[in-house]
Amino acid sequence: MSRLYGDPIEVWTREGQPVQFVWRDRLHTVRRILDHWVVARELWKISESDPGERRFWRLEAGPGGRGGTYELRFDTAAEGWLLMRALD
């Protein structure tokens, strides 16, 4: 089962990949990246220098010893991160 959110989050990256994020006032540490994909669509294109990509990561993360599976999205046009879903 998964829950959709679309919540804005703050993310720290290393070499372009998320390593930590804050969601609901809790720091989550990324333990493992399960999948990564990029979606580029002309509708999101705002200029020739910005392809309007949306980059997605499915990962295992959590605060402290607990963990879960999450999907994060980075929108290059908006330069913002969202937590898209939490998977059980």
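Against the empirical 2.2 N^0.38 Å (N residues), region 2-87 has a Cα radius of gyration ratio of 1.10.
In this structure the amide hydrogen of GLN20, modeled in the peptide plane, comes within under 5 Å of the amide hydrogens of TRP12, VAL30, none closer than 5 places in sequence on its chain. Proximity of backbone amide H atoms, modeled 1.01 Å from N, is registered between ALA77 and GLY52, GLU53 at under 5 Å, excluding neighbours fewer than 5 places apart on the same chain. Set the Förster distance to 25 Å, then compute FRET efficiency between ALA86 and TRP37 from the Cβ-Cβ distance, nearest 0.05. Efficiency at R0 = 25 Å is approximately 0.85.
Taken one residue at a time, the phi angles of region 25-39 give Karplus couplings (6.51, -1.76, 1.60, θ = phi - 60°) of 6, 10, 7, 10, 9, 6, 8, 7, 8, 8, 7, 8, 8, 10, 10 Hz. Gly and Pro are set to x. Region 51-81 and region 7-39 have Cα centres lying 5 Å from one another.
Where a number appears in this text, it was derived from the coordinates with a stated rule and is not lab data. Since we're looking at a predicted model, the values are computed, not measured. Ideal geometry is used to build each Cβ from the backbone, glycine not excepted, and the neighbour counts take in all protein chains shown.
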